[in-house]
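One structure below.
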Amino acid sequence: MDDNTVLIGTKPLMSYVLAVVTQFNNGKSEVVIKARGKAIVRAVDTAEVSTRQFLTGVVKKNISISTDSVETDEGPANVSSIEIVLQKS
């Protein structure tokens, strides 16, 4: 995993917003937000709060969605995933 990637999980939203803002403040020109399953909602919220309230001059460069196959106790299952790329404009 690249050091400019923020993986979204179950922490509070502002934890991820802080991670994104910190990446840009440390000189990164691009930050990738990744999430799967139920965390997709939090990933979208992270991107929106980061760009609208905290980071001026940062835009959504690319948004990609996909389906990952994961192994569960009941066999293979499909899980949706999202990747949001934020970039300084």
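The values are calculated or read from the model by the stated rules, or taken from the named source; none is laboratory data. Quick caveat: nothing in here was measured; it's all calculated off a predicted structure. Note: ideal-geometry Cβ built from the backbone for every residue, glycine included; neighbour counts use all protein chains shown.
Does Lys11 fit the bill of being outside any strand (DSSP E or B), over 12 Å from the mean Cα position of the chain (by Cα) and either farther than 30 Å from Asn78 by Cβ or modelled with pLDDT under 95 (or both)?
Numbers: outside any strand (DSSP E or B): yes; over 12 Å from the mean Cα position of the chain (by Cα): yes; either farther than 30 Å from Asn78 by Cβ or modelled with pLDDT under 95 (or both): no.
The answer is no for Lys11.
Within region 28-82, work out how many residues are without any contact (Cβ under 8 Å) to a residue 40 or more places away in the chain and either part of a helix (DSSP H, G or I) or surrounded by fewer than 16 Cβ atoms within 10 Å (Cβ to Cβ) (or both). It would help to see each step written out before you state the result.
Just the residues of region 28-82 that are without any contact (Cβ under 8 Å) to a residue 40 or more places away in the chain, to begin with: 28, 38-39, 41-42, 45, 47-78.
Now narrow it down to the ones that are either part of a helix (DSSP H, G or I) or surrounded by fewer than 16 Cβ atoms within 10 Å (Cβ to Cβ) (or both): 38-39, 41-42, 45, 47-54, 56-57, 59-78.
So the count comes out to 35.
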